[in-house]
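Below: one structure, written as structure tokens.
The values are calculated or read from the model by the stated rules, or taken from the named source; none is laboratory data. Quick caveat: nothing in here was measured; it's all calculated off a predicted structure. Here the Cβ positions follow ideal geometry from the backbone for every residue, glycine too, while neighbour counts run over all protein chains shown. Keep in mind that these areas ignore ligands, DNA and RNA; they rest on the heavy atoms of the full protein, side chains included. Shrake-Rupley method; radii C 1.70, N 1.55, O 1.52, S 1.80 Å.
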Amino acid sequence: MGDSSEFANYELYGDPYVRRIANEIEKVKNSKGGNYTQEDFTKFDNLHYLGHEYCSEFFDSLSLPDNSKILELCSGLGTTARFLATKFPTSEITALDYLDSFNQLSSQMNELCGLRNIKSIQGDATALDLAAHGLEGQCDVVLSLQSFYYITDKKNLFSVCYKALKPGGKLYIEDHVVVQDLPLSEQEEEVATKFRFMSRLNQETYANLLKEAGFELNSYTNRNQEWGRYIFQRAQNFLKNKEKLVEEYGEDLWNTRYMSGIHVSCRLYHDLGMSLEEAREAYPLVEQELGSEEFRKYVSEVPPKFGGAYIVATKPLS
């Protein structure tokens, strides 16, 4: 993906996390024993803020034909591919991710759900051989949820998206973006780097890159406060259940994934639209973990610099 060697060592998706997902799949198998559905895995396979809430709205706005082709880039554990395969059972879905461990877990869950209309493949989103997979100019939709910010090579990435689509086809992106072009403090730069925030695009730059690739930009929607509240509530839940999480998954996973979800994410996404008093009441454990002064600073003083963008673009008919 242009940054693939670095991303492959990203600790949030390392061995402790992979083992956790494998164990969760086994729990589902042991508890249910058959007739699995996509919903059986949503407790642990969904890596996206706000789940499929807005992705579902986007697809509901379309009139996809039978036997449509959908390409998901950076598909992770395959939760969105399974969601779409269930929603559109006649569709053909190709789910690409760089991490082979994720593709293996995803394929296992696809098979358990009996979803035959998903093809999971390993590869680089900036160098996908579309023709080899029967996708060049064939896709009704190309999408990616909260992954493109890892990829600095946007020229080749958006070229792949454009070439995959039919004329009139849609590109749907949920992504981490810059909302204010302000200098980062040393601590913020450290946090952003730890988050692998490699591609830091504002709205104007994002729109220009899509236009240069040949797309027409239909919409660019910021949901910064929704993301902020989701992240702070998730951190509150992590801390509330810390003892159980450590007992079940071990200190390694807590010290990497869960602590990053608290200390990194809350410092990047803190546009809550709340007063300090409201935030303290809503997220008391987060305040305790960050420290009262740090919590106050990010809730009330530090201007939000990062946020979440929901982007829709179209490949022109001619």
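Tabulated values for the structure
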| item | result |
| --- | --- |
| Matching option when the condition is closer than 24 Å to Phe58 by Cβ, within 22 Å of the chain's Cα centre (by Cα) and of a type in the set (Val, Ile, Thr), among Val191, Val178 | Val178 |
| Residue check for Phe197: modelled with pLDDT under 95 and in contact with an Asp or Glu (Cβ under 8 Å, 6 or more places away or on another chain) | no |
| Sole residue being modelled with pLDDT under 95, β-branched (Val, Ile, Thr) and crowded, with 17+ Cβ neighbours inside 10 Å, chosen from Ile118, Ile151 | Ile151 |
| Residues of segment 250-272 satisfying the condition of being modelled with pLDDT under 95 and either of a type in the set (D, E, K, R) or open to solvent by 50 Å² or more (accessible area, probe 1.4 Å) (or both) | Glu251, Asp252, Asn255, Arg257, Arg267 |
| The listed residue being among the charged types (D, E, K, R) and either touching a residue at least 40 places away in the same chain (Cβ under 8 Å) or buried (at least 16 other Cβ atoms within 10 Å of the Cβ) (or both), out of Lys297, Lys315 | Lys315 |
| Subset of segment 105-116 [touching a residue at least 24 places away in the same chain (Cβ under 8 Å) and either outside any helix (DSSP H, G or I) or of a type in the set (A, V, I, L, M) (or both)] | Leu105, Met109, Leu112, Gly114, Leu115 |
| Residue that is most open to solvent (accessible area, probe 1.4 Å), among those in segment 194-249 that are among the acidic types (Asp, Glu) and touching a residue at least 12 places away in the same chain (Cβ under 8 Å) | Glu212 |
| Flag if Leu290 is buried (at least 16 other Cβ atoms within 10 Å of the Cβ), more than 23 Å from His48 (Cα to Cα) and either in contact (Cβ under 8 Å) with a residue 24 or more places away in the chain or touching a Pro at 6+ places or on another chain (Cβ under 7 Å) (or both) | yes |
| Residue count for segment 117-175, restricted to those that are of a type in the set (D, E, K, R) and assigned to a helix (DSSP H, G or I) | 3 |
| Residue ID - surrounded by the most Cβ atoms within 10 Å (Cβ to Cβ), chosen from residues in segment 85-104 that are of a type in the set (Phe, Trp, Tyr) and either outside any helix (DSSP H, G or I) or modelled with pLDDT of 95 or more (or both) | Tyr98 |
| Tally, over segment 202-256, of residues that are of a type in the set (Lys, Arg) and outside any helix (DSSP H, G or I) | 1 |
| Of all residues making up segment 46-84, the number that are assigned to a helix (DSSP H, G or I) and surrounded by 23 or more Cβ atoms within 10 Å (Cβ to Cβ) | 5 |
| Flag for Arg20 being modelled with pLDDT under 90, surrounded by 13 or more Cβ atoms within 10 Å (Cβ to Cβ) and either in a loop (DSSP other than H, G, I, E, B) or out of contact with any Asp or Glu (no Cβ under 7 Å at 6 or more places or on another chain) (or both) | yes |
